[in-house]
Amino acid sequence: QVRPVESGGGLVQPGGSLRLSCAASGTIFEISDMGWYRQVPGNVREMVASITTGGNPNYADSVKGRFTNSRANAKNSVYLQMNNLKPEDTAVYYCNIASFPTTGWGQGTQVTVSS
């Protein structure tokens with residue numbers, strides 16, 4: 001089963017930037033969609049960004065124009081560049097990788113936006 005491993009979270013001031021990285025490990029077959037979700041305690045996990053094998057991205061309305069999702073297929077990796085961060089972006093961010101026939105979730109990385 002594919003096991004995504006995330007890195008890059010942390011504490012940043014409003015208006016700042018962070019870059020999240022995620023690499024697939026474990027048993028990897030054909031990887032299709034790769035993406036990022038986030039969750040705040042007490043809320044459901046929500047999709048932030050996803051990207052297809054061909055590189056077509058999709059974003060939640062709340063992050064459009066601020067976040068950029070990209071992938072490096074040769075490295076089985078996906079990245080999330082987050083700019084102009086806002087306090088409401090504070091959450092645990094999870095990487096999700098679809099690798100036929102299963103989907104794997106990372107362990108999560110905390111992003112905190114606060115002055």
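The values are calculated or read from the model by the stated rules, or taken from the named source; none is laboratory data. Quick caveat: nothing in here was measured; it's all calculated off a predicted structure. No Cβ is skipped: glycine too gets one built from the backbone with ideal geometry, and neighbour counts run over all protein chains shown. In case anyone asks, the SASA skips ligands and DNA or RNA and just uses the protein heavy atoms, side chains included. Shrake-Rupley method; radii C 1.70, N 1.55, O 1.52, S 1.80 Å.
Summary table below
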item: Residues being among the aliphatic types (A, V, I, L, M), farther than 16 Å from residue 91 by Cβ and in contact (Cβ under 8 Å) with a residue 60 or more places away in the chain - total across the range 9-36; result: 4
item: Matching strands (runs of 3 or more DSSP E) fully within the range 6-113 where at least 2 residues are open to solvent by less than 50 Å² (accessible area, probe 1.4 Å); result: 10-12, 18-26, 31-39, 46-51, 67-72, 77-82, 91-99, 109-113
item: Hits in the range 40-85 (condition: among the hydroxyl-bearing types (Ser, Thr, Tyr) and more than 17 Å from residue 9 (Cβ to Cβ)); result: 50, 52, 53, 59, 62, 70
